[in-house]
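The values are calculated or read from the model by the stated rules, or taken from the named source; none is laboratory data. Quick caveat: nothing in here was measured; it's all calculated off a predicted structure. Because the Cβ atoms are built from the backbone with ideal geometry, glycine has one as well, and the counts that use them run over all protein chains shown. Ligands, DNA and RNA are excluded from the accessible area calculation, which covers all protein heavy atoms including side chains. Shrake-Rupley method; radii C 1.70, N 1.55, O 1.52, S 1.80 Å.
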Amino acid sequence: MLLLGISVTMSRNDNGREFMKLARWTAGLLAGLSMLAVAAQADAGEVRVTVAEYSSKTGPYFEEVKKEFEAANPGTTLKFEVVPWDVLLQKLTTDITAGTNADLSIIGTRWLIDFVQQDVAEPLDSYMTPDFKGRFIETFLSPSIMEGKTYGLPIAASARAMYYNKELFEKAGIANPPGTWTELQEDARKIKAAGAFGYGIQGKEIETDVYYYYGMWSFGTEILNKDGTSGLSTPGALEAAKLYKSMIDEGLTQPGVTSMNREDVMALFKQGKVGMMITAPFMMNQIKEEAPSLKYGVAAIPAGPTGARGTYGVTDSIIMFKNSKNKEEAWKLLDFLFSTEQRAKFTQNEGLLPVNKEEAKMDYYTKDAGLAAFTALLPEARFAPVIPGWEEIAQITSDAVQKIYLGQGEPEATLKDAAAKANGVLKK
Amino acid sequence: MHNRALPYLLILPSLFLAAVVIFWPVYDLVQISTHDVSRFGQLRDFIGLANFAALADDPDFMAALWRTGLWTLSVVAGALVLSIPVAMILNSDFYGRSVARVIILLPWAVSLTMTAVVWRWALNGESGMLNSALMGLGLIDQNIQWLASAGTAFPMQVLIGILVTVPFTVTIFLGGLSSIPDDLYEAAALEGASAWQQFRTITLPLLKPFINIAIVLNMIYVFNSFPIIWVMTQGGPANSTDILVTYLYKLAFRVGKLGEASAVSLVMFAILLIFTMIYVRLAMREREA
């Protein structure tokens, strides 16, 4: 707009009167622009929040929050930007680069280290009273604490457990869900004989690596060895890869593993085509709505030969940006969001796990067999390691795992190669 | 004197605007690609061509580079071959021609991303429409996992690429065909020229400038086309369907290597620039000859 104004002026400068008119017009335009620029800056008392879209209920929930909070705090206005998970990191990257980020944002806790290192996240300890800190369950707050400072609050928490289809189990003559991977393999064979897919494996897009870690953890390998190098070159990692590959080759999984993302496998489970799969608690809500007649159970993740097992714990954090101009108001909003009542509403809407101690005592969580199974797994939960470059290592692992599933690489050589690449990232 | 300066003066505003729109981002990309950059775009040390060297060492980048060439050539060539007969049919007079034109051009109005999403559903191995259609016709007796490996996924992506490129190409050709005067054909027919001879000696030569335009524009669009491959496979499994744009997106926004990603986009810019210059040169020389 500004450029246009100037160029029009330049091309007509042979006519004095015309020029004056244009100059005035340009000045007016400039004034208008500067007013716009002012308006774009945060008004006093406006708190902007970037919110990840967990489901179609996320937007309406935050609309409610806006109404309630603004009524209780006159003078403060809230502005929520609901962004799909897929593009959230990209939006934040662009916003931060341009300096137009919101005051608060939900982020994946695994990204937090980057935000802290780049010095864009505000430590929250000075705002937190002991009483406030006491509201949280330790396990879920600790991933957001770095170098002794709390940089984020766990707005969402989740873990993974194994779902199994009770009808298919009955048809195949299986009494109980498998406790070990060997049993899972046998059960998968029986389910295959009964005409369904035994064990659903996710092989595409986000969390492809995690689906492989379930096996790896059971064989006693961690993502990072004790010395801080990648665990992918250890025997446990190889065992897990061979196990999954042999199940794919034997036809115990759904076909086309590398074309199925998490939602695709979940869809197959909801259609009753898959006997077992590992995924998040929110599938219970989805089954309630989309396939209410499906008979299913939730069990622990199978154990390895030594009895080791691990589930994947995930938290998302809400952080405050260092360049926020309304930190006091933003904190008030956080205090409001983490009240027991608000937490319960959000968590139950989205089918997540409670992060708040008082909330966890509610009947909703203790009386539900499925949710209880998830909560029981929490002591064995592994969180994504808090290291810079984690996303790159996850990508390297996903790529390696896909190659193995497709048979494009020998498991041992492929994993060694991936471990070397991951170690290269870790050294930086 | 005044007269000679006037044209330049008149194009100056748009030239200035174009320069700002084009050169500023390129300058910015050069800055980012020659520096050590944080995930949020803060420039740190100047590191020269290290980002470009890292790309040259990256087998995934080299594979994506070749695949981009294959992708661009097959989609553009396929769309061209398909569009000429389609345009000629739509140019001839028949009952319901306007309806047929609308049907051919309609896919153009649908967002590319939406088209890709629909195809992703259609190609789903277990519940996809394509598999059930092929089953129903008795052509296959087992579901094909279209997107599970590059061997089936990439050819399908090329086909879809062709499909969505056809409407635009047909539009260009329709414009070209309507500029060919009918009396040429009438004269040729009187001389006893067959339909094929008419096509080869009248239609094709007169359509040539339009074909040239279609090639250059489609090359640029297809080379930079992101949605089809991203929506269907995200360049996977294991980077086996990546083209440069999808690879660039992953580098920048998944892994957070903005420096290398900027280097990729400069490489893409250079390739397109060189291609366009060579092609325009060739096309011009032909016309002069």
key: Between the stretch A:52-92 and the stretch A:351-428, the Cα center-to-center distance that results, in Å   = 27 Å
message = Counting heavy atoms of the protein chains only and a 1.4 Å probe, report the per residue accessible area for the stretch A:389-428 as a whole number of Å².
response = 44 Å²
query = How high is the FRET efficiency between residue A:171 and residue A:56 when r is their beta carbon distance and R₀ equals 30 Å, given to the nearest 0.05?
reply = 0.30
remark   = Under the 7 Å Cα-to-Cβ spin-label approximation, residue A:186 and residue A:380 lie apart by a distance in nanometres of 1.8 nm
query = Which residues of the stretch A:239-271 bury at least 40 Å² of accessible area once all protein chains are present, versus their chain alone (1.4 Å probe)?
reply = A:259
query = Could you state the principal axis extents of the C-alpha atoms in the stretch B:3-104, from the largest down, to the nearest angstrom?
reply = 68, 54, 26
request  = Towards the positive end of the charge dipole of the stretch B:52-259, with charges on Cβ (+1 Lys, Arg; -1 Asp, Glu), say which of B:123, B:91, B:234 has the farthest Cα.
outcome  = B:234
task = Quick one: dipole size for chain A, taken about the Cα centre, charges +1 on Lys/Arg Cβ and -1 on Asp/Glu Cβ, in debye to the nearest 20.
result = 340 debye
remark   = Shielding of B:251-258 by other chains, given as the mean Cβ count within 10 Å, works out to 5
query = How big is the B/A interface in buried accessible area, both sides summed, 1.4 Å probe, to the nearest 100 Å²?
reply = 3000 Å²
ask   = Can you list the lysines whose alpha carbon sits under 18 Å from that of residue A:91, skipping same-chain ones fewer than 8 residues off?
value = A:79, A:322, B:250, B:257
inquiry  = How big is the dipole moment of the protein assembly as shown about its Cα centre under a simple scheme where the beta carbon of each Lys and Arg is +1, that of each Asp and Glu is -1, and everything else is neutral? Debye, nearest 20, please.
reply    = 680 debye
task = Please give the average number of partner chain Cβ atoms lying within 10 Å of the Cβ of each residue in B:15-25, rounded to a whole number.
result = 1
query = Loop-only check: which GluC sites (Glu not before Pro) in the stretch A:145-174 are DSSP coil with at most 13 other Cβ within 10 angstrom?
reply = A:147
inquiry  = I'd like the carbon and sulfur percentage of the solvent accessible area for the stretch A:271-411, probe radius 1.4 Å, heavy atoms only, ligands and nucleic acids excluded.
reply    = 53 percent
message = Run the reach check for residue A:295 against aspartates and glutamates, Cα to Cα strictly under 14 Å, same-chain hits fewer than 8 apart removed. What comes back?
response = A:167, A:170
request  = Express the accessible area of the stretch A:204-353 per residue in Å², computed with a 1.4 Å probe while the remaining protein chains stay in the model.
outcome  = 34 Å²
task = Provide Rg over Rh for the stretch B:52-259; use the alpha carbon set for both Rg and the Kirkwood Rh (inverse mean inverse pair distance).
result = 1.06
request  = With both partners inside the protein assembly as shown, how many of the DSSP beta bridges are antiparallel, as a percent to the nearest 5?
outcome  = 65 percent
Chain B - charge dipole about Cα centre, Lys and Arg +1 at Cβ, Asp and Glu -1, debye rounded to 20 = 360 debye
remark   = PRE zone check, label point 7 Å out along Cα-to-Cβ of residue A:249, amide N under 11 Å, scope the stretch A:401-428, hits A:407, A:410-411
Kirkwood Rh and Cα Rg combined as Rg over Rh, evaluated for the protein assembly as shown = 1.02
Charge context of residue A:97, other residues only, Cβ under 12 angstrom, K/R +1, D/E -1 = 0
request  = Determine the residues within the stretch A:98-120 where the difference in accessible area between the chain on its own and the full set of protein chains amounts to at least 20 Å²; count protein heavy atoms only and use a 1.4 Å probe.
outcome  = A:114, A:118
Within the accessible area of the stretch B:52-259 (1.4 Å probe), percent carbon and sulfur = 70 percent
inquiry  = Threshold 40 Å², probe 1.4 Å: give the residues of the stretch B:123-148, in number order, that are less accessible with all protein chains present than with their chain alone.
reply    = B:126, B:145, B:148
inquiry  = At R0 = 51 Å, how high is the FRET efficiency between residue A:118 and residue B:217 if r is their beta carbon distance? Nearest 0.05 is fine.
reply    = 0.80
request  = Leaving ligands, DNA and RNA out of it, work out the accessible area of residue A:171 with a 1.4 Å probe and give it in Å² to the nearest 10.
outcome  = 140 Å²
query = Taking the alpha-carbon centroid of each part, what is the distance from the stretch B:82-158 to the stretch A:104-159 in angstrom?
reply = 48 Å
message = Please report the spacing between the Cα centers of the stretch B:1-30 and the stretch B:219-275 in Å, no decimals.
response = 29 Å
request  = Can you check what the net charge comes to around residue B:255, using other residues whose Cβ is under 10 Å from the Cβ of residue B:255 (Lys, Arg +1; Asp, Glu -1)?
outcome  = +1
key: For the stretch B:245-262, Karplus couplings with θ = phi - 60° (6.51, -1.76, 1.60), whole Hz, Gly/Pro x   = 5, 5, 5, 4, 4, 5, 4, 6, 9, 8, 8, x, 9, 5, x, 5, 5, 5
key: Selected from A:106, A:383, A:139, residue furthest toward positive end of dipole (the protein assembly as shown; charges at beta carbon)   = A:106
Label-point separation in nm, residue B:200 to residue B:270, each point 7 Å along Cα→Cβ = 4.3 nm
request  = Multiply the residue gap between residue A:412 and residue A:132 by 0.36 nm, knock off their C-alpha separation, and tell me the result in nm, one decimal place.
outcome  = 95.9 nm
ask   = Residues of chain B: accessible area per residue at 1.4 Å, in Å²?
value = 54 Å²
